[in-house]
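One structure is given here, and the rest of the page talks about it.
The values are calculated or read from the model by the stated rules, or taken from the named source; none is laboratory data. Because the structure is predicted, anything quoted here is derived from the model rather than measured. Don't worry about glycine lacking a Cβ; one is built from the backbone with ideal geometry, like all the others, and counts go over all protein chains shown.
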Amino acid sequence: MGLFDFVKSVGKKIGIGDDEPKAEDLKKELDSHELGTENVEVLVQGDKAVLKGNVTNQEILEKAIIAVGNSLGISKVETDELKIDNAPTGSIEKAPVFYTVKKGDNLWKIAEAQYGKGKGAKNTLIFEANKPMLTHPDKIYPGQVLRIPELK
């Protein structure tokens, strides 16, 4: 599906010590969110995490990307070998929309920037789309990458 950029110097500290995250620690972090990623393998190549395997839908795929990418020491997440179960052969998955939080941002401002002026109240959609990685709407930080769901 692609290669996604993250800010290497921010994010949740995974594992022990100052070393780059280890694949088994990233996998443990990913599985701790209970997203349905038990068939996903995590590899680490320098500061890039590679996700391989299968997930059941687009939402889980996107959440897996941000759960791993928002880890301290990870600057890229590759998903070329991460597939959605029962997706028609040759079909193109919808490209995820991500947003990197800037200083002074809050979910209301992000919703207005992504959905248009006057749509700040849609911030709850962004919060819900990033659960369980987000536990409170006010606990976002610069450099964090968030999923931006499409409006229905």
* Selection status of Val7, touching a helix residue (DSSP H, G or I) at 6+ places or on another chain (Cβ under 8 Å) and buried (at least 16 other Cβ atoms within 10 Å of the Cβ) -> no
* To do: Starting from residues that are of a type in the set (A, V, I, L, M, F, W, C), at pLDDT below 95 and within 14 Å of the chain's Cα centre (by Cα), keep the ones in the stretch 7-34 and report whichever is farthest from Pro132 (Cα to Cα).
  => Val7
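Considering only the stretch 71-78, I want to know if a residue exists there that is touching a helix residue (DSSP H, G or I) at 6+ places or on another chain (Cβ under 7 Å), within 20 Å of Leu151 (Cα to Cα) and surrounded by 14 or more Cβ atoms within 10 Å (Cβ to Cβ).
Within the stretch 71-78, none of the residues are touching a helix residue (DSSP H, G or I) at 6+ places or on another chain (Cβ under 7 Å), within 20 Å of Leu151 (Cα to Cα) and surrounded by 14 or more Cβ atoms within 10 Å (Cβ to Cβ).
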* Structure fact -> If you go through Ile74, Ile60, Ile65, Ile110, the only one that is closer than 16 Å to Asn130 by Cα and in contact (Cβ under 8 Å) with a residue 60 or more places away in the chain is Ile65
* Asked: List pairs: first in the stretch 116-131 and under 16 Å from Glu59 (Cα atoms), second among the small types (Gly, Ala, Ser) and surrounded by 19 or more Cβ atoms within 10 Å (Cβ to Cβ), Cβ under 7 Å, 6+ apart or cross-chain?
  -> Ile126/Ala111
* **Flag if Glu150 is surrounded by fewer than 16 Cβ atoms within 10 Å (Cβ to Cβ), at pLDDT 95 or above and closer than 19 Å to Gln58 by Cβ** => no
* Structure fact -> Going through (1) touching a Lys or Arg at 6+ places or on another chain (Cβ under 8 Å); (2) more than 16 Å from Ser75 (Cα to Cα); (3) at pLDDT 95 or above one by one, Gln58 fails only at (3)
